[in-house]
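The values are calculated or read from the model by the stated rules, or taken from the named source; none is laboratory data. From a predicted model like this one, the values you see are computed outputs, not experimental measurements. Note: ideal-geometry Cβ built from the backbone for every residue, glycine included; neighbour counts use all protein chains shown.
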């Protein structure tokens, strides 16, 4: 079995058996990500073409469809894409491995949303470059990844070392605000801004955020 097929099989199992654990609907940070999405995209045209990279079970795709009538969402899991399409026929779902060249023409989209995906990729830089390619000039990129910073990593080292680096952990890349910004800049994005969010637990969120939120534009 080659590595590509092995990865596809992994994510078929990931969504078939792990939906209750991985669905965006049940994550503590989901409300904050949706609020950020709506704040950043509230002024887009109703027919603005929007792409979601790595849609999973469509948790955030539904929120994007509240803002635009032309949402396309891709994911590696064919079975999950089929389930999404049955549930939301008004949205265009496409099975695609984002580690491969995107099946879209240059400058096809005005907005790209990519949430909690890059940490799963062997080469996240390739995926971000593809996002830059298919985004129209002046188009907006919104990305989120799990937060890492000095304090969080110290806490991981002290209390969750084995769990964090377990071979069953699906996260293979780890980002700080600086390294995520550098990744976007290296792909040609400009007007890059980052911030963090948590899970609406004030003390915990103050000490250790859960997510990095990045917005940028294509020149």
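Checking the stated criteria, residue 159 turns out not to satisfy the condition of being surrounded by 15 or more Cβ atoms within 10 Å (Cβ to Cβ) and within 22 Å of residue 206 (Cβ to Cβ).
When we screen 74, 98 for residues that are assigned to a loop (DSSP other than H, G, I, E, B), modelled with pLDDT of 95 or more and under 15 Å from residue 116 (Cβ atoms), the only hit is 98. Search region 142-165 for residues being assigned to a loop (DSSP other than H, G, I, E, B) and either within 22 Å of the chain's Cα centre (by Cα) or touching a residue at least 60 places away in the same chain (Cβ under 8 Å) (or both), and hand back the single one that is nearest to residue 210 (Cα to Cα). The extreme case among them is 148. Which number in (1) surrounded by 13 or more Cβ atoms within 10 Å (Cβ to Cβ); (2) more than 28 Å from residue 5 (Cα to Cα) marks the one condition that residue 132 misses? In the conditions (1) surrounded by 13 or more Cβ atoms within 10 Å (Cβ to Cβ); (2) more than 28 Å from residue 5 (Cα to Cα), residue 132 misses (2) alone.
Of the residues making up region 111-126, those that are touching a strand residue (DSSP E or B) at 6+ places or on another chain (Cβ under 9 Å) and not in a helix (DSSP H, G or I) are 111, 112, 113, 114, 115, 116, 117. Listed by first and then second residue, the pairs linking a residue in region 18-33 that is at pLDDT below 85 to a residue that is in a helix (DSSP H, G or I) and surrounded by 15 or more Cβ atoms within 10 Å (Cβ to Cβ), with Cβ atoms under 8 Å apart and 6 or more places separating them unless they lie on different chains, are 22/14; 22/15. Out of curiosity, is residue 9 over 18 Å from the mean Cα position of the chain (by Cα) and in a loop (DSSP other than H, G, I, E, B)? The answer is no for residue 9. Taken together, 46, 75, 57 contain a single residue that is farther than 23 Å from residue 196 by Cα and surrounded by fewer than 17 Cβ atoms within 10 Å (Cβ to Cβ), which is 46.
Residue count for region 162-181 under the criterion of being exposed (fewer than 10 other Cβ atoms within 10 Å of the Cβ) and closer than 16 Å to residue 122 by Cβ: the result is 1. For region 127-137, the condition holds for no residue, the condition being that it is part of a helix (DSSP H, G or I), in contact with a strand residue (DSSP E or B) (Cβ under 7 Å, 6 or more places away or on another chain) and more than 21 Å from residue 74 (Cβ to Cβ).
Restricting attention to region 177-219, the residues that are under 15 Å from residue 141 (Cβ atoms), in contact with a helix residue (DSSP H, G or I) (Cβ under 7 Å, 6 or more places away or on another chain) and touching a residue at least 40 places away in the same chain (Cβ under 8 Å) total 12. Pairing each residue of region 86-106 that is in contact (Cβ under 8 Å) with a residue 60 or more places away in the chain and at negative phi with any residue that is surrounded by fewer than 18 Cβ atoms within 10 Å (Cβ to Cβ) and in a loop (DSSP other than H, G, I, E, B), provided the two are 6+ apart or on different chains, yields C-beta distances under 8 Å for 99/122; 99/123.
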